[in-house]
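Structure first, commentary second.
The values are calculated or read from the model by the stated rules, or taken from the named source; none is laboratory data. Small disclaimer: the values here were computed from a predicted structure and weren't measured. For neighbour counting, all protein chains shown are included, and Cβ atoms are generated from backbone atoms with ideal geometry for every residue, glycine included. Just so you know, the surface numbers come from the protein's heavy atoms only, side chains and all, with ligands and any DNA or RNA stripped out. Shrake-Rupley method; radii C 1.70, N 1.55, O 1.52, S 1.80 Å.
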Amino acid sequence: MAAAPAWALPTDFNDKVESALLCRSDWSTAFWQGYFDKHLQASIRDWGEARWWSSQGAQLGGASTVEVFTNVDTSRALMLGVLIAQPVEEVKRTLEQNLKVAFKPVQTVDGLRYVSDTLSVLVGTTNQQTKWYCAKWNLGNRERVQPLAPQY
């Protein structure tokens, strides 16, 4: 029986994905879905309003990833993330050391999250894994013809 073919990740994969995870890039959902469809094996599932792919063990920020995901619906947000098979505290230390970024604890209704100054998020899962993601919500057209200024 032949082994499944190994897919080589493009040389810019880590830089592009790390930049997006740190909320330092502007890319569309369609871009990421096309990028992952092209460079990773077929998506493995749609779940939780996201499409998931095997990350082929890509090392991002020094952490070995299991899966990558992006939102399915393009109208509300751009969300791009990875699943890491390590507890959130370990991932936090690794990313802070390797990427020179700080994640601060934020208590939310859903539990503790760690958030960077660029709004990159780390959240622990119930099975001792970590989701690292960036989410940018579509706020509509914020461009104005005339700036809003006080009327005197």
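Taking K100 as the anchor, which lysines have their alpha carbon closer than 29 Å to its alpha carbon, excluding any fewer than eight residues away along the same chain?
Excluding near neighbours in sequence, the set is K16, K92, K131, K136.
Show which aspartates and glutamates lie in cross-link reach of K38 when reach means a straight Cα distance below 20 angstrom and same-chain residues fewer than eight apart are skipped.
D12, D15, E18, D26, D46, E67, D73
Quick one: which residues, 5 or more positions from I44 or on another chain, have an amide H under 5 Å from its amide H? H modelled 1.01 Å from N in the peptide plane, none for Pro or chain starts.
Here the answer is W52, W53, S54, since their amide H atoms fall under 5 Å of that of I44.
Contour minus end-to-end for K38 and Q59, with contour as 0.36 nm per residue of separation and end-to-end as the Cα-Cα distance? Please report the intermediate quantities before stating the final value.
Values: separation 21, 0.36 × 21 = 7.56 nm, distance 1.87 nm.
My answer for the length gained is 5.7 nm.
Of all the accessible heavy-atom surface of the range 50-143, with the other protein chains kept in place and a 1.4 Å probe, what percent is carbon and sulfur?
51
Which whole-number value in Å² is the accessible area per residue of the range 1-100, probe 1.4 Å?
Per-residue value: 53 Å².
Calculate, in nm to one decimal, what F31 and L119 gain on full extension: separation in residues at 0.36 nm each, minus their alpha carbon distance.
29.6 nm
How much net charge surrounds F31 when only other residues with a Cβ under 12 Å from its Cβ are counted (Lys, Arg +1; Asp, Glu -1)?
Numbers: positive: K16, K38; negative: D26, D37.
Here the count lands on 0.
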